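Worksheet: one structure, shown below.
A short reminder: the numbers here are calculations on the coordinates, not readings from a lab. Worth saying up front: this structure is predicted, and the values here are computed from it rather than measured. Here the Cβ positions follow ideal geometry from the backbone for every residue, glycine too, while neighbour counts run over all protein chains shown.
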Amino acid sequence: AQRVTQPEKLLSVFKGAPVELKCNYSYSGSPELFWYVQYSRQRLQLLLRHISRESIKGFTADLNKGETSFHLKKPFAQEEDSAMYYCALSPINPQGGSEKLVFGKGTKLTVNP
Amino acid sequence: GAGVSQSPRYKVAKRGQDVALRCDPISGHVSLFWYQQALGQGPEFLTYFQNEAQLDKSGLPSDRFFAERPEGSVSTLKIQRTQQEDSAVYLCASSRGVMETQYFGPGTRLLVL
């Protein structure tokens, strides 16, 4: 079964503090992993994906296959980072087919001034 | 350029009514996905199209849900005999192709009374 778990529903930090949003996944194969973000009154948008290994808006995420985790980190949080964050996986199917996303329930991050 | 658009943005239906939700993907995008997002949950996959072919409908919760994309562009998600548990935000996403980034629309918020 494919499952994504985000253990924290809410996370609150102060501006300038480090932030880590946790994500664990369950999948028998090798999935592609993503972080999506939804700012207030905006649509869901891609923040970063594992395969591209980019750092976006100062965020990074490292895939730990042993712990099946893909935690999102930023060393110095900013107020504009306040948003809803969703971790997601997409099964990599060599035979093609649906690249559907399986999402966690999300973590609401609040960065206080 | 224009992103994914969805209409209507809000829909109130009486229990038992049929509803139709429209998605206009980004021009040229081959893949189209529908997701359902209940309150406080992450998006859940409903169905996937590659051009006009519906390749995966494993996430449709019942035979009351039907989706089509007859010309490989605009898609319609139809829900027959709506029930209160159908109340959710319905998200559409499109991508250029296999394993490409999915771009989400603003969603249609459906409330069934």
Task: Given charges at Cβ of Lys, Arg, Asp, Glu: region A:1-43 dipole, positive-most of A:Ser40, A:Ala1, A:Asn24 - done: A:Ser40
- [ ] Compute the FRET efficiency between B:Val98 and B:Glu68 as 1/(1 + (r/R0)^6), taking r as their Cβ-Cβ distance and R0 = 30 Å, and round to the nearest 0.05.
- [x] 0.90
- [ ] Using only Cα atoms, locate the centre of region A:50-113 and the centre of region B:10-48, then give the distance between them in Å, rounded to an integer.
- [x] 23 Å
- [ ] Mind grabbing the base-10 log of I(q)/I(0) for region A:7-92 at q = 0.10, 0.11, 0.27 Å⁻¹? Debye formula, identical points on the C-alpha positions, no solvent, two decimal places.
- [x] -0.24, -0.29, -1.56
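What does the charge count around A:Lys100 come to, taking other residues whose C-beta lies under 13 Å from its C-beta (Lys +1, Arg +1, Asp -1, Glu -1)? Could the numbers behind the result be given before it?
Working: positive: B:Lys57; negative: A:Glu32, A:Glu99, B:Glu44, B:Asp56.
Spelling it out: positives minus negatives among the neighbours equals -3.
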TODO: Mind telling me which of A:Glu79, A:Glu67, A:Glu54 comes out most flexible in a GNM of chain A, alpha-carbon contacts under 10 Å?
DONE: A:Glu67
Task: Inter-label distance for A:Glu80 and B:Val12, nm, one decimal - labels placed 7 Å from Cα along Cα-to-Cβ - done: 3.7 nm
- [ ] Just tell me how shielded B:98-110 is by partners: mean number of partner chain Cβ atoms within 10 Å of each residue's Cβ, no decimals.
- [x] 4
- [ ] List the relative contact order of chain B as a percent without decimals, with contacts defined as Cα pairs under 8 Å and 6+ residues apart.
- [x] 37 percent
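Would you kindly calculate the translational diffusion coefficient of the protein assembly as shown, applying Stokes-Einstein with the Kirkwood radius from alpha carbon pairs, for 10 °C and a viscosity of 1.306 mPa s, and quote it in µm² s⁻¹ without decimals? Provide the component values of the computation, followed by the final result.
Working: Rh = 18.2 Å.
So the translational diffusion coefficient is about 87 µm²/s.
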TODO: Find out how many positive minus negative residues lie around B:Pro8, taking Lys and Arg as positive, Asp and Glu as negative, among other residues whose Cβ is under 10 Å from that of B:Pro8.
DONE: +4
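Could you give the size of the charge dipole of chain B about its Cα centre, using +1 on the Cβ of each K and R and -1 on the Cβ of each D and E, expressed in debye and rounded to the nearest 20?
420 debye
Where does the charge balance sit around B:Pro43 when Lys and Arg score +1, Asp and Glu -1, over other residues with C-beta under 12 Å from its C-beta? Before the final figure, lay out the partial values.
Numbers: positive: A:Arg43, A:Lys100, A:Lys105; negative: B:Glu44.
Summing Lys/Arg as +1 and Asp/Glu as -1 gives +2.
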